[in-house]
Each structure stands twice: as C-alpha cells, then as structure tokens.
1. Before we move on, is residue 416 in a loop (DSSP other than H, G, I, E, B), buried (at least 16 other Cβ atoms within 10 Å of the Cβ) and assigned by TED's automatic domain parsing to the domain that holds residue 320?
2. Testing residue 358 on (1) modelled with pLDDT of 95 or more; (2) surrounded by fewer than 20 Cβ atoms within 10 Å (Cβ to Cβ), one condition comes back false. Which one is that?
3. Consider residue 404 carefully, then state whether it is crowded, with 19+ Cβ neighbours inside 10 Å and either under 32 Å from the mean Cα position of the chain (by Cα) or not hydroxyl-bearing (Ser, Thr, Tyr) (or both).
4. Take the residues in segment 670-683 that are of a type outside the set (A, V, I, L, M) and at pLDDT below 95, then tell me which one is farthest from the chain's Cα centre (by Cα).
5. Take the residues in segment 389-400 that are out of contact with any Pro (no Cβ under 6 Å at 6 or more places or on another chain) and surrounded by 15 or more Cβ atoms within 10 Å (Cβ to Cβ); name whichever of them is farthest from residue 447 (Cα to Cα).
6. I'm told residue 164 meets every condition in (1) under 28 Å from residue 527 (Cα atoms); (2) surrounded by 24 or more Cβ atoms within 10 Å (Cβ to Cβ); (3) under 13 Å from the mean Cα position of the chain (by Cα) except one. Can you identify the failing condition by its number?
7. Would you confirm, using the coordinates I've provided, whether residue 171 is touching a helix residue (DSSP H, G or I) at 6+ places or on another chain (Cβ under 7 Å), buried (at least 24 other Cβ atoms within 10 Å of the Cβ), among the hydroxyl-bearing types (Ser, Thr, Tyr) and touching a residue at least 24 places away in the same chain (Cβ under 8 Å)?
8. Could you go through segment 106-116 and let me know if any residue there is modelled with pLDDT of 80 or more and either touching a His at 6+ places or on another chain (Cβ under 7 Å) or not in a loop (DSSP other than H, G, I, E, B) (or both).
Amino acid sequence: MRGVIFVGLMLMAAVVNGQTVSVKGEVIDLRSEERVKHATVRNLQTSQSVLSDHRGEFSVTVSNGDTIVISAIGYFSDTVTVSPSTKMISVQLQPATKSLEEVVISGTLREIRKSNSPIAVESYSAKFFKKNASATVFEALSIVNGVQPQLNCNVCNTGDIHINGMEGPYTMVLIDGMPVVSNLATVYGFSGIPANLIKRIEIVKGPSSTLYGSEAVAGLINIITKDPGSAALFHADVYATSYDEVNADVSAKFKLGKAYSLLGVNMFNFGKRYDVNQDNFTDVTLQKRISLFNKWSFDRKNKLPFQFAVRLLTEDRWGGEMQWNKTWRGSDSVYGESIYTKRMELIGNYGIKAGKEQLLLEYSYNFHQQDSYYGKIPYMAKQHSAFAQLRWNKDIGKHSISAGLPYRFIWYDDNTVATAKPDGVTTQPSVQKLQGLFVQDELKFNDRWTMLAGVRYELTNVQGGIVSPRLAVKWNNNNHQVFRFSAGNGFRIVNLFTEDHAALSGAREVVIAESLNPERSWNGNVNYTGTFTPSFGFITLDATLFYTYFTNKIIPDYDTDPQKIIYKNIDGYAVSKGFTLNTDFAFKNRLKIIAGITLMDVFTKEENQDGIVEKQQQLFAPKFSGNYAVSYTFPKWKLAVDLTGKVFGPQRLPVVPNDFRPEYSPWFTLANLQLTQRIGKKVELYGGVKNLLNFMPNDPILRPEDPFDKRVNDVVNNPNGYTFDPSYNYAPLSGRRAFLGVRVNIE
C-alpha cells in the first residue's frame, strides 16, 4: 500500500512539474525606477524568448523549476527560478554603464549626458515628484535638497524659491529654457505651473549669468515640459484632500499631419476657511485657478526643431479675517488680501539652416496682470516681457562652441512709488532693454579632462554694460567618479516691488534709501559625483562645496525701524557658503532611499552707526536642512509606499523690538506618506497623509486683532507699540490632511 501511495505522489509531482502556465512580469531599472522596454526574457528550458513592451511588461510560458534570464542593453542580466507559488515575475535590472543615463541641457545649452557635463546639473524626473502628489511646481520642489520653497506672507501665501539660502529673486526659473517666470510673476507665478506638465526638472546651483543673464545668481530651475510626440495619448490625474482641496490635471495628445499637439488643463479649487490657531485669520489662502496649456511640435524634412507652446492662467485668491467677503475688498473695516491674476505665456523655438551651419531661434513672451488689494492698499500692475535669442552650436575638433545673441524687453507699470512721476499722481511705466552676446567653449582634452570657459556681455538701458565670465573644469574616471570645479560671476538688475511682496503686505512704510545699483556676485564650487554598483544594488553620491560673495546686495532692513522696510545697497558684503550632499541608494530588495543634507552659513557683514562691523544672519536660511524619500514596492500586490519630507534646522525670522516670539524657529520636519496601487495597465489609485506629524508654526501673525493699526498707540493694550505684521513665516499653516487620487494613463 505504501508503495502505491509513493508512486502516486511521484506521478502527481511529475504532472505538477510538467504543467505549463503563462506568467506575467515586469522589468524595472533599479536606479531610476523607470520601466525597461525591449528587455529580453528567455526561458532556458524551452528556449522561448519574449520582449518586454513599452511599459516594461511581458508574458512568458513556464513550468515549475524553469529558469528565466532577463537581459537588456546597458544592464547586468538577472536570473529568476519559477516556483509553484510564482504569480508574477518582477525584476530590477542593475545598470552596467552610464550609457543610458539622462540627458541634460541646462548647464551648457547643449544636450549632453549628465556625467559628461562640466557643470553639475541635478535632474529630477516626473516619477520622483509623483512620490508626493502635488498640485504645483512650487509644492513639488519642497522635497528637493538645497531648494526651499518659502512662503513670504501668512495671509495671501505668496512664495518664492530659495537655492542654498539665497532669496527667491536670485533664482532664475525657466520653462523649456525660456525666462518666463520672473519679475512680477515671481510673486504668484510658481503656484500656477501644474506639476502634471513636468517631464523633468533640472537644477543648477551657482551663478549661471554667463548663459542666462540677470537673476541667475543663486542658480536656475529649468522646468522641462512633456514632448507632444512622446506624451501619453490621454492622461488624467485628479485628487482631493480632507481640507476640501481639489486638483485636476487632464491632458490629451493628437496628431495633425506632421504636427503633434499636447493639450492640457489644470483646475485647482480650495474654498473652505480654516482657522486652527484661532487668530481670526484664514490659515490657508483660498484659491480658484484654471490653467490651459497647448504645446505643438512639427516634423520637418531637414529634421530641425520647430516647437511652440501657449499657456493661459487665471486665478482668484484671497486670505484674511474669517468674516471677510468681496464686499470688503479694499476697505479698512475687515482685513483681506485679494488678488486676481491673469497671465499668458508663449514659448517656442525654430531651427534655421544657414548654409552648412544650423542656428536655433528661441523666443518667449508673457503678459501678467495683477489686480489686488492688501487690506486697503491697492496694487494694480501689468507687465509685458519678451525674450528672443539666436543661438549657434558647433563642434570643431576637440572644441564644442556655443554662442548667442540674446535680447530681452520688459515693460512694467503699477500704482506704486516705483513708477510714480514727480507729481505723485500719474505713473511712468518702466522699460528695460537688455541685449548682449555670449560665447562659450567646451574643450575636451581627452577622455578624462574637460574645460569650459565662457563670457557674456550684456548692455542695458538702465545700468549700462555688464560683463559676466565663468570657468569650469571636469575630471572623470570612466564616468563613475567625476570631479568638477567651477567659478563664475552673477548679476541681477533689481525690480523691487515685483519681487518683494513684503513691501505691500502689512502696514510698514517702504523707504528706498538710495539709488539701487545692480547686485554682483562671485561664486566658486567643487563638486564630486560617484557611482557605485555593489552586489546589493546601486549607489550614487553627489557632494558640493560652495562659496558665493556678494557686492551691492540689496537686503530689506526690518530691524532699524519696526514700522519701515528700508531698501539700500549694503555698505559691506554678503556671503553664502556651505556644503550639500545628495545620496541615492537602490537595493535589490526593492527598497530605495534618496536623502540629502545642506549645511550653510548665509550672512552679511556691514558697519553699524558706530563704525563696528557686524555679522547678521540671513533671514529664512537654516544652517541645516535635509530631505528624504524612502520607497518600497510590493510587486505581488502592485503597491508602492513612499515616505517623503524635509528637515529644517533653526532659521532666523523677522522679529520686532521686544517681540514675544523667538527670533529663531525650532527644529521640525514636514513628512508625507503616500501609497500607490496599480490597477491594470492604465490606472493608479493613490492616497496618503500630508504633514504626517501635524506641524504648524506658532503666532505667525503679529497683532491679528488690529490689522489696520487703528489702535497702535493704545499704551494699555499695546505697550510695546506692535504693528500688524504677517511676515513671521517658516512653515505652511496647513495641518495634517489626508488625500486620495486617481491617475489614468492611456498610451
């Protein structure tokens, strides 16, 4: 009897082992988390081979015990043995070389592999930003090391982006390489850029004025939008939060003849009033925003580029006392800050054949209109900004030469003292014309040494001629270890009222103490990038030492007089110095960790009234900050878990004499948790919690009970003479909130 049972079991095992089933699988890049298409999946027992599709997915016939080998060009192959419990084969391939790494353009104005660029460029894919669902680019950048989206007003939530501790006006923001987010748009322009448009974001830290002109003093952020030819046929991303915020991004691609077009719409609505800290002011600005985007690309016989894009934006936002409504707009009875924004952008390029040479014409235009009231103070402003550049690239032997003729025109008018005529009633619109020439030579001595040298001359109708040089040297060891040194000059032509919202908010008087000269800076940095491929995964280290020295810097003085903001060029100098480290760990067990730290010291040194040189720390510039993104995937359940966030050390804040609030903020972290569930090939369901630890700053508004300063001189109730001031801000006032969303992607 036992013999019969044994034979039966053996026969059953043989049947099981011989049973063939179709198993699905996926192939993923271990480093970038992108899907690997056209990977070869081969069954060694049957010699059957299949290729992964455009989503990195495949289906293969197997039996129990079969060995599957997965390989792709530029990757180490991997082997999987099928067991009876195998439901799905999920493989992370480790890159064998850097040949497949991302291409960047921002550092040199030429498409070049990141490791070959003599200028250090950080590149972040759209997939990275999806780890923390965001409605705008401003919010999305909050998880990038060394980049700090800074809210400047607790009432209307204006914001700018700091790089390495330097204020927003020193950061140039480009869309597809064009300077369309500047001047007036720096106040509210960031919140109007939908995160769904992002293909990738490139960040260059350090002066880039040689290539990009004014504003690129601290660095630049280049938002590269999706290409119509490679975009999804249809994409929708909709989510809502427990704060009743609703964000919807929808885009579709179509083809007309030899033209591809990508049409997108973004809608954001937040209309619920919150006052968690009970100061009778809205914690978060209420907003209604619609943005339309249309990008075209054309196939030409000569293969030269031809693209253009148009974006329209309209926004209505307000913050203020909880009982405020639009009937109080501009009154001195109930305080509110109400801003209507209308904006139009045009961006494009066109390749020109000139004999044997190729030229590229790049252009942009934007119109920005702001109709706003800050309490009873009206701020009505219009701006037209146009940019055009004819650019030439040429490879001659070991030289890669780039040259360009840029021209920029800015027309600006408002109702402030910035454009007032001597009569104090009528205004004279300001006009800036900037024209110049830049030349840059990238010389590759050999496979290891590269040098880049460039210079820009820019002539303006306001400040005359400005020269901006730069030099960079790169040494690499087979591209796995790269050292870079760069030095350069940055300059900035100041547009005071369009850049510093504090000049309008609150009750402080604006004082321009002197004629303001253009700011200048000199910067040097040393960068190291190393890539390692241990047996357990993939590691990338990126470390930078930086030092920037400013002359003629313009810093708003909040300290001399608590009722004034005084603007003037500093008599001394300013310094931004520090160290940044970015790390990227990708483990074969599907754990991925991206983490970074920034250590910096940003300060000014200037003589006081007694002739003593004093050191003053920069406002809103923490000496320590860090970011983290920890991800883990469960292939069996098609589930991804992402924990993202930022850590901030103490940062100096704008306090007034005898202020009861601390001059430095506490240590804190803003953490977010997100779960993403794939459903089939076209749908993702995601949800989680923002501000997981529910951190909110204390006492962000000074004297909220008297926003029009009608009772400032009440010595009994206001013995310190405080005035209304909403500028004490170091973190969003949004508390913990849950969110739930869905993405639909049809290729």
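1. Yes, satisfied.
2. (1)
3. The answer is yes for residue 404.
4. Of everything passing the filter in segment 670-683, 680 is farthest from the chain's Cα centre (by Cα).
5. Checking each candidate, the answer is 390.
6. For residue 164, the failing item is (3).
7. no
8. yes
The values are calculated or read from the model by the stated rules, or taken from the named source; none is laboratory data. Worth saying up front: this structure is predicted, and the values here are computed from it rather than measured. No Cβ is skipped: glycine too gets one built from the backbone with ideal geometry, and neighbour counts run over all protein chains shown.
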